[in-house]
Amino acid sequence: MKHTYLFEPAVWNVAGTFWRADGLELEAVGRTEIAHRLECWLLSGKLKVLSSPPVEFVHAYWIEPPGPQGGSVRWTFENDMFGKLEGRYTTIGPSIMSVYACDTSGYHGSEHLAQLDADNYRSTGLLLLKDRIMYSWQMMLKRGG
């Protein structure tokens with residue numbers, strides 16, 4: 001099956017579970033939009049963690065379009081909290097894997113996106129600060145308005 005997430009412009013609705021460093025399990029909802037430009041692909045959106053008070057993560061990734069070999073793309077994301085994260089998405093069969101790090105801040109992590117069908121993926125990942133898990137998550141991504 002051909003990958004649709006990242007590789008096709010679309011809007012994805014996100015819902016699932018977010019765990020803080022202390023293990024507290026929280027509901028999270030969000031929306032991600034993927035746009036393809038000649039010079040780059042853009043992945044942007046928000047994830048709202050329904051804690052008290054709610055916390056909202058805003059993300060905007062700059063992704064290099066794949067070369068002739070396809071399958072693997074580099075990305076960058078920068079903000080005040082995490083610094084400049086640099087990573088790579090790689091397709092492996094029905095999965096998209098991402099590993100990322102920021103040398104200056106010490107943040108690093110990984111994400112696994114499992115394709116369930118053309119319109120649905122399951123995302124599982126974690127963010128670490130040096131050797132401490134800061135956040136982990138399991139989300140369902142559904143393509144559509």
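Looking at (1) open to solvent by 40 Å² or more (accessible area, probe 1.4 Å); (2) modelled with pLDDT of 95 or more; (3) not β-branched (Val, Ile, Thr), which one does SER98 not meet, given that it meets all the others?
SER98 satisfies every listed condition except (1).
Residues in segment 54-77: is at least one assigned to a strand (DSSP E or B), among the charged types (D, E, K, R) and open to solvent by 60 Å² or more (accessible area, probe 1.4 Å)?
The answer is yes, given that some residue of segment 54-77 is assigned to a strand (DSSP E or B), among the charged types (D, E, K, R) and open to solvent by 60 Å² or more (accessible area, probe 1.4 Å).
Name the residue that is nearest to ILE63 (Cα to Cα), counting only residues in segment 15-37 that are among the small types (Gly, Ala, Ser) and in a strand (DSSP E or B).
ALA35
How many residues does segment 8-39 contain that are at pLDDT below 95, closer than 14 Å to PRO66 by Cβ and not charged (D, E, K, R)?
The qualifying residues number 1.
Residues VAL49, VAL58, VAL99, VAL29: which one is out of contact with any Ser or Thr (no Cβ under 9 Å at 6 or more places or on another chain) and free of Cβ contacts under 8 Å to residues at least 24 places away in the same chain?
On inspection, the qualifying residue turns out to be VAL29.
The values are calculated or read from the model by the stated rules, or taken from the named source; none is laboratory data. Just so we're clear, the structure is a prediction, and the values are computed from it rather than from any experiment. Note that we place each Cβ from the backbone using ideal geometry, even for glycine, and neighbour counts take in every protein chain shown. All accessible areas refer to the heavy atoms of the entire protein, side chains included, with ligands and DNA or RNA removed. Shrake-Rupley method; radii C 1.70, N 1.55, O 1.52, S 1.80 Å.
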